[in-house]
Amino acid sequence: MNYRSTRSDFSCNSLQAVLQGISPDGGLFVSPEILSQEFDWKSVIGLSTLDMAQKILSHLLPEFKDMGELVKKAYTGKFETEDLTPVVKVGDNYILELFRGPTSAFKDVALSMLPQLITAAKAQSGATDETVILTATSGDTGKAAMEGFHDVPGTRIIVFYPHGGVSPIQRAQMATQEGKNVRVCAVRGNFDDCQTAVKQAFAKINAMGMLEKANKTLSSANSINIGRLAPQVVYYFKAYSDLVSQKRIALGDKIDFVVPSGNFGDILAGYFAKLMGLPVRHLVCASNENKVLADFLTTGVYDKRRPFYRTSSPSMDILVSSNLERLLFLAADCNAEKVAKWMKDLNTEGIFTVDEAVMQNIKETFKAYHCTEQQTIETIGETYNKDNYLCDPHTAVGIKAAKDYKAECADDVPVVVLSTASPYKFPAPVSEAIGLPVTGDEYEQIAAISKKTGVAVPKNLSSIQSKPVLHNDVIDREAILDYVLEVLGV
Ligand SMILES: *Cc1c(COP(=O)(O)O)cnc(C)c1O
């Protein structure tokens with residue numbers, strides 16, 4: 001499959017796209033062929049999740065050999081359930097539980113697979129250099145990426161997260177990460193500052209060829225990497241397949257998905273599924289108080305010049321949503337010139353406006369709602385009290401959007417809400433929501449929630465408290481470049 005940059009006519013195959021992470025012109029890799037190439041989507045319905053993954057990933061990343069082996073290595077024995085991402089009925093919604101992996105966040109689905117893809121791409125292309133993963137995280141990517149990459153030969157990973165911008169459990173998960181090839185560092189500023197500074201350091205190191213002599217190459221584990229996005233397409237098919245086998249729908253009926261969104265990667269994977277033929281009616285984007293995406297999807301104006309809020313769903317506290325660029329490219333008939341202009345406007349003015357035709361295209365599929373902090377807490381409480389289901393704040397933003405969406409369309413099309421994290425990663429807001437006093441440290445809060453609800457605490461979270469803290473670096477964002485060079489010894 002031919003992967004093209006969203007900002008120029010630079011193109012490469014899927015192996016190179018995965019290894020490079022980002023195009024030399026700053027654009028993201030997308031395959032226009034996803035719009036035209038037939039995929040026999042019906043043939044994957046009813047398959048096991050791993051077989052489904054093999055077929056879907058082979059379609060999206062066709063240059064990879066032995067995809068079946070890679071999938072097996074990535075997932076076998078790592079998730080709480082064999083089907084990786086179970087669907088449960090909660091009230092009149094279906095919840096797609098994506099958090100049953102090794103770090104209790106949905107990012108595990110993609111980041112268990114990415115190291116396999118990178119290692120295989122290197123082997124196939126005869127590369128002998130060390131791959132250095134540079135990643136900015138709003139909380140979950142960092143841990144999931146380190147869990148995927150730690151001690152993988154030929155790789156090294158450096159993670160940056162916003163100082164004070166992640167939950168205490170997320171921080172503890174990262175600070176206790178073991179592995180000879182991992183480093184974690186807090187950066188003063190919010191996630192956008194952190195992500196922008198990491199992208200800049202990345203571009204500068206590449207432009208100046210700083211790592212060539214040391215035989216090292218940079219790559220990214222953020223959802224700008226197509227190898228991170230492709231594995232996320234699978235669970236949309238899996239959820240659809242489950243509804244077919246439960247006889248809730250007949251093969252070919254349309255369903256809706258609601259996706260709590262930040263960097264727009266998760267929901268974009270749903271769009272890929274739709275373009276591959278899966279009968280998806282709407283993709284509903286759920287934003288928290290940082291509702292730049294919800295505003296864009298309703299108005300066509302993307303304006304990041306606004307206050308940044310720290311919310312109880314920190315992994316969605318994002319004002320510059322990287323993956324929107326891919327949607328714009330596809331919706332604008334793969335016109336890279338247009339996309340480059342919008343991205344330049346965003347960079348220099350903090351705002352861009354897309355044309356009517358592009359917006360029309362987007363609105364056929366995408367709906368958007370947002371949720372305040374108070375509504376998030378209320379939704380966790382209501383979902384627990386009425387439907388006996390304990391959800392995390394990100395998922396609650398999705399459940400609230402599903403409610404608003406349903407009130408508007410009032411029909412019988414099934415709605416699947418993507419659940420992106422375990423409630424135990426965010427014990428303070430969850431305690432508040434279900435009427436527990438928010439006292440003691442986060443581990444005491446976890447114990448109290450578990451005692452009240454009877455919901456089991458995932459093993460990876462119950463064991464962090466006893467692990468030694470191995471990382472406590474804090475730097476200014478201007479120091480990221482030097483930090484990377486020092487860690488790499490160049
Ligand atoms: C990353 C994350 C999101 C947002 O996903 P995007 O792909 O960035 O839109 C939502 N919820 C949780 C828990 C996350 O970790």
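The values are calculated or read from the model by the stated rules, or taken from the named source; none is laboratory data. Quantities reported herein were computed from a predicted structural model and do not represent experimental measurements. Every residue, glycine as well, gets a Cβ built from its backbone with ideal geometry; the counts of neighbours run over all protein chains shown. All accessible areas refer to the heavy atoms of the entire protein, side chains included, with ligands and DNA or RNA removed. Shrake-Rupley method; radii C 1.70, N 1.55, O 1.52, S 1.80 Å.
Of note:
- Computed from label points 7 Å out along Cα-Cβ, the spacing between Lys247 and Tyr309 is 4.4 nm.
- Hull-based mean projected area of the range 1-142, where the convex hull spans the alpha carbons, in square nanometres: 10.6 nm²
- Estimated inter-spin distance, Glu432 and Lys344, nm [label 7 Å along Cα→Cβ]: 4.4 nm
- DSSP bridge orientation in the chain - percent antiparallel, rounded to nearest 5: 25 percent
- In the context of the full set of protein chains, the range 191-344 has a per residue accessible area of 31 Å² (1.4 Å probe).
- Computed over the range 441-490, Cα set: Rg, Dmax in Å: 18.0, 52
- Mean Kyte hydropathy of 0.0 or more with a Cα span along the axis of at least 18 Å, helices from DSSP in the chain: 226-245
- Partner lysines for Lys65 [C-alpha distance under 26 Å; skip if fewer than 8 residues away on the same chain]: Lys42, Lys55, Lys73, Lys78, Lys107, Lys122, Lys216, Lys238, Lys274
- Per-residue extension of 0.36 nm, minus the Cα-Cα distance of Ala447 and Asp25, leaves a gain of 147.0 nm for this segment.
- Lysine pair count for the range 340-490 (Cα-Cα distance under 13 Å; residues 8 or more apart in sequence or on different chains): 4.
- Added length on full extension, which subtracts the Cα-Cα distance from 0.36 nm per residue, Asp9 to Val455: 155.5 nm
- Mean-position separation - Cα centroids, the range 96-135 and the range 412-465, in angstrom: 27 Å
- Here is how the number arises for the chain: DSSP H runs of 4 or more residues each give -39500 (n - 2.57), the sum is divided by the residue count, and the result at 222 nm is -13000 deg cm²/dmol.
- For the chain, the spread of Cα positions along each principal axis, largest first, Å: 61, 52, 47
- Stokes-Einstein translational diffusion, the range 348-490 - Kirkwood Rh over all Cα pairs, 0.692 mPa s, 37 °C, in µm²/s: 173 µm²/s
- Within the accessible area of the chain (1.4 Å probe), percent carbon and sulfur: 48 percent
- Accessible area per residue, Å², the range 13-172 with all protein chains present, probe 1.4 Å: 34 Å²
- Calculated FRET efficiency for the pair Glu337/Ser466, C-beta based, R₀ 45 Å, to 0.05: 0.25
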